[in-house]
Amino acid sequence: MSKQLKIMLTVFIFVSCQGFAWAGSGEMGLSTGSKTGSYIKIGRDIKNFLAISLGIDLAVIESQGSMENVRRLVDVSQNTMLAIVQSDVLNSLKRHKKAALRETAEQLRLIYPLYNEVVHVLVRRDIQHFSELDGKNVNFGKEGSGTAMTAGNLFELVGIQSGEETHLGDKKAFLKLLEGEIDAMFYVGGTPNHFFLEKFQTVLSDPQWKSKMDAIHFLPLDDLGKPSGEYVSDSLKTADYPWLKKDVPTLAVKALLVTLDFSTKQDEYHRLRCRQMGQLARALKRNLDKLKKNGEASDKWQQVKLEDAPEIWQLDGCAHAKAKTAEDRLCEALYGKGAKECQ
């Protein structure tokens, strides 16, 4: 198991063992990502286009990414009811030997899938297969990020271990790779990635650096298949990265809008949160075209297919419950809630 995953799972054990108690029913948090990334833009769109009109007091919170977002969901003190995470978070928790973490996974529910995030693995030119990263010095991405979680997850699924594992920012990792101080770096996100676009174009135009650029490449991942059903096939395309001579096969995860299961209890608080999840889900479906056209993250909303949910995730019962009609309510008034006559 990677150092990154061990650190975050230790935190999960602590908060999970506290049990799921709930804070006040006022403002609720949506944990997203970095201040310049797509997750936080998606979050602001959900607040501005959906939550405000529904009268839901939603706070959009910056974070390091998927692992921190799940931690916030299960941490009572955070009052975080929604999060954007990568789809491979779920099985990372389900596979863990600690029962508390498996229980955390059982609490997570999918509201809707969002867009694909593509796995970029930039390596030395002599590395041609993922298995050759065994024992190599690899930058996994910042601690707490979805990139670090995916990197550790892929190493675990393939059954290899890195040599020195670092958690540098993209800029530092890129320079260390060019200088031969590390062997590989991971990045997981939408394409084209503006960091790679900027850096590659800058460095390729400088004769001093061009020979070093020729010594690295994006690693094809088509030999991995689709590990554990957590990933889908994708590619790094020449249309996105013009210096590529051909598309590079890789994997992708889904960015997901998730919550906890509020359907299991019938106290006033859980009924309120369940109703709000349903309101937000229906509003998102109704307003998707508006988000694709006018959202701050319009480029990402254009990639969203609400029906494209990963099979390993359980749909949220509150978000996907059938809205009651006047006929349904009349039947329940006559025969009682849940009566077979009303099914």
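The values are calculated or read from the model by the stated rules, or taken from the named source; none is laboratory data. Bear in mind the structure is a predicted one, so any value in this text is a computation, not a measurement. Ideal geometry is used to build each Cβ from the backbone, glycine not excepted, and the neighbour counts take in all protein chains shown.
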Item to check | the stretch 155-189, subset part of a loop (DSSP other than H, G, I, E, B) and in contact with a strand residue (DSSP E or B) (Cβ under 6 Å, 6 or more places away or on another chain), residue surrounded by the fewest Cβ atoms within 10 Å (Cβ to Cβ) | outcome: Leu168
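Taking into account only those residues within the stretch 225-236 that are part of a loop (DSSP other than H, G, I, E, B) and touching a strand residue (DSSP E or B) at 6+ places or on another chain (Cβ under 8 Å), which is nearest to Asn193 (Cα to Cα)?
At the first step, the residues of the stretch 225-236 found to be part of a loop (DSSP other than H, G, I, E, B) are 225-226, 230-231.
Pick out the ones that are also touching a strand residue (DSSP E or B) at 6+ places or on another chain (Cβ under 8 Å) and you get 226, 230-231.
Working: Lys226: 23, Glu230: 22, Tyr231: 19 Å.
For the stretch 225-236, the residue satisfying everything is Tyr231.
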Checklist outcome for this item: Looking across the stretch 190-224 at residues that are modelled with pLDDT of 90 or more and not in a helix (DSSP H, G or I), the single one that is surrounded by the fewest Cβ atoms within 10 Å (Cβ to Cβ) is Ala215
Checklist entry - Considering Arg125, Arg109, Arg95, which residue is farther than 22 Å from Gly180 by Cα, at pLDDT 90 or above and surrounded by fewer than 23 Cβ atoms within 10 Å (Cβ to Cβ)? => result Arg109
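Please determine whether any residue of the stretch 13-29 is at pLDDT 85 or above, outside any strand (DSSP E or B) and more than 21 Å from Gly190 (Cβ to Cβ).
Within the stretch 13-29, the subset at pLDDT 85 or above is 27-29.
Adding the requirement that they be outside any strand (DSSP E or B) leaves 27.
This time we only want the ones that are more than 21 Å from Gly190 (Cβ to Cβ), so: 27.
The answer is yes, given that some residue of the stretch 13-29 is at pLDDT 85 or above, outside any strand (DSSP E or B) and more than 21 Å from Gly190 (Cβ to Cβ).
Out of all the residues in the stretch 278-318, which are assigned to a helix (DSSP H, G or I) and either loosely packed, with under 14 Cβ neighbours inside 10 Å or of a type in the set (Asp, Glu) (or both)?
We begin by selecting, within the stretch 278-318, every residue assigned to a helix (DSSP H, G or I); these are 278-294, 298-301.
Of everything in the stretch 278-318, those that are assigned to a helix (DSSP H, G or I) and either loosely packed, with under 14 Cβ neighbours inside 10 Å or of a type in the set (Asp, Glu) (or both) turn out to be Lys285, Arg286, Asp289, Lys293, Asn294, Asp299.
Being touching a Leu at 6+ places or on another chain (Cβ under 9 Å), assigned to a loop (DSSP other than H, G, I, E, B), crowded, with 23+ Cβ neighbours inside 10 Å and not β-branched (Val, Ile, Thr) narrows it down to one of Gly141, Gly152, so name that one. Give the derivation first.
Numbers: Gly152 fails: assigned to a loop (DSSP other than H, G, I, E, B).
So the residue among Gly141, Gly152 that is touching a Leu at 6+ places or on another chain (Cβ under 9 Å), assigned to a loop (DSSP other than H, G, I, E, B), crowded, with 23+ Cβ neighbours inside 10 Å and not β-branched (Val, Ile, Thr) is Gly141.
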Checklist entry - Given the conditions (1) at pLDDT 95 or above; (2) closer than 23 Å to Gly146 by Cβ, and given that Gly229 satisfies all but one, which numbered condition is not satisfied? => result (1)
Checklist outcome for this item: Per the filter on the stretch 56-94, residues touching a helix residue (DSSP H, G or I) at 6+ places or on another chain (Cβ under 6 Å) and on the phi > 0 side of the Ramachandran plot are Gly65
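Rundown of residues vs (1) touching a residue at least 60 places away in the same chain (Cβ under 8 Å); (2) at negative phi; (3) of a type in the set (A, V, I, L, M), yes/no style:
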site	(1), (2), (3)
Asp134	no, yes, no
Asn137	no, yes, no
Gly144	yes, no, no
Thr147	yes, yes, no
Phe155	yes, yes, no
Lys171	no, yes, no
Glu179	no, yes, no
Phe186	yes, yes, no
Checklist entry - Looking only at residues in the stretch 194-232 that are out of contact with any helix residue (DSSP H, G or I) (no Cβ under 8 Å at 6 or more places or on another chain), among the charged types (D, E, K, R) and without any contact (Cβ under 8 Å) to a residue 12 or more places away in the chain, which one is nearest to Gly152 (Cα to Cα)? => result Glu198
